[in-house]
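Participant: Dropping a structure here in structure tokens format, bear with me for questions.
The values are calculated or read from the model by the stated rules, or taken from the named source; none is laboratory data. Nothing here was measured: the structure is a model prediction, and the numbers come from that model. All Cβ positions, glycine included, derive from the backbone under ideal geometry; neighbour counts span all protein chains shown.
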Amino acid sequence: MTLGKHLKTIFFIAAALALILTLAIPADVSAQQQTEQRFVTLGTGGVTGVYYPVGGAICRLVNANRAEHGMRCTVESTGGSIYNLNTISAGDLDVGIVQSDWQYHAYKGTSRFSDAGPNTNLRALFSIHPEAFTVIARRDAKVTTFEDLRGKRVSIGDPGSGQRASMDLLLEYMGWDHSAFGATFDLKAAEQSLALINNQIDAMVYFVGHPNGSIQEATTSADSVIVEVSGPVVEKMIDELPYYRTATIPGGMYRGNPDDVKTFGVGALLVASTDVPEDVAYQMVKAVFEGLDSFKRLHPALEHLEKENMASDAIAIPLHAGAEKYFKEVGLIK
């Protein structure tokens, strides 16, 4: 057989194989899904907080439909709200769970974000759960109100976290700074409870949804109390800042704390930037809302979620186009 005939035979075999492979691919699979899988990274918080398991729950729901949309969602433990917002702004994180107060500041370029300026590309996907500003103190420290923390050893939180930023804001309203305390510690969420149990600190601060494992550990392994954070200063802060609200930590939820405790709170929500494609945001929102019954069972802080509130509560910035598309489709917004 001549070289020309060999080449012609090879050509026909290759063409036939290409045709077979084309026919083997389902018609409803997009060209992008045939050639690549898209990865989405979700920034959360410390592994002992609520953000991390909630982020894991979101990713599990998204990944359950991976064959349909070609997306793989992965969870990253981070320093919390401020870190997530800065990293989304830098383009190094796709989506993140953040406090409602810090989503507002990041979008407006105020408070901690005044140097960076407004991030007008920031968008909300949906609201998740309410969070309460929570102060836990050793009973032997004799702390019953926030003002009693003066002169005490206090963990004021990881510098990259929303709770630290909120703590500093509360101190500003009170006319205090860190020198009001006997000593301050920049402990991560996962480190605070152990430090309290080991009497290395008198009190710890946590902005978190309840019930929470870290607080459960602190109240079970040490004789400790949940401290009231209320009064004229807190009321003034709530009146002046629209993203804060009054909150109550239910009595009986933690050992040694039978009574309701007044404090203030925010909401937690999922945010992204406009750089995240519309269909990616749409599929993430759809996965959670259509799997909401499963989502609510994955953590006690989620059990009272309602779709209507998730589409509106604590959202102080524009919705992502993908989230808006889904909410309009199902009638949650007009």
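Participant: Residues that are closer than 22 Å to PHE113 by Cβ, at least 2 per element: which strands (runs of 3 or more DSSP E) completely within region 127-218 meet that?
Facilitator: Because the criterion is at least 2 residues that are closer than 22 Å to PHE113 by Cβ, the strands (runs of 3 or more DSSP E) in region 127-218 that meet it are 203-208.
Participant: Here is a further query. Considering PRO277, PRO242, which residue is outside the structural domain of CYS73 (by TED's automatic domain parsing) and either closer than 24 Å to GLN103 by Cα or hydroxyl-bearing (Ser, Thr, Tyr) (or both)?
Facilitator: PRO242
For every residue, the table says whether it meets (1) among the aliphatic types (A, V, I, L, M); (2) surrounded by 21 or more Cβ atoms within 10 Å (Cβ to Cβ); (3) under 16 Å from the mean Cα position of the chain (by Cα).
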site	(1), (2), (3)
THR41	no, no, yes
GLY45	no, yes, yes
THR48	no, yes, yes
GLY55	no, yes, yes
ALA64	yes, no, no
GLY70	no, no, no
THR74	no, no, yes
THR78	no, yes, yes
SER81	no, yes, yes
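Participant: Can you report the number of residues in region 81-102 which are β-branched (Val, Ile, Thr) and either more than 13 Å from ALA124 (Cβ to Cβ) or part of a helix (DSSP H, G or I) (or both)?
Facilitator: Residues that pass the stated criteria total 3.
Participant: Which of the residues spanning region 72-117 are free of Cβ contacts under 8 Å to residues at least 12 places away in the same chain and not polar (S, T, N, Q)?
Facilitator: ALA90, ASP92, HIS105, LYS108, GLY109, ASP115, GLY117
Participant: Across region 255-289, what is the number of residues that are without any contact (Cβ under 8 Å) to a residue 40 or more places away in the chain and either surrounded by fewer than 17 Cβ atoms within 10 Å (Cβ to Cβ) or of a type in the set (Gly, Ala, Ser) (or both)?
Facilitator: 5
Participant: Report yes if PHE207 is within 30 Å of ARG66 (Cβ to Cβ), surrounded by 16 or more Cβ atoms within 10 Å (Cβ to Cβ) and either assigned by TED's automatic domain parsing to the domain that holds PRO159 or aromatic (Phe, Trp, Tyr) (or both), otherwise no.
Facilitator: The answer is no for PHE207.
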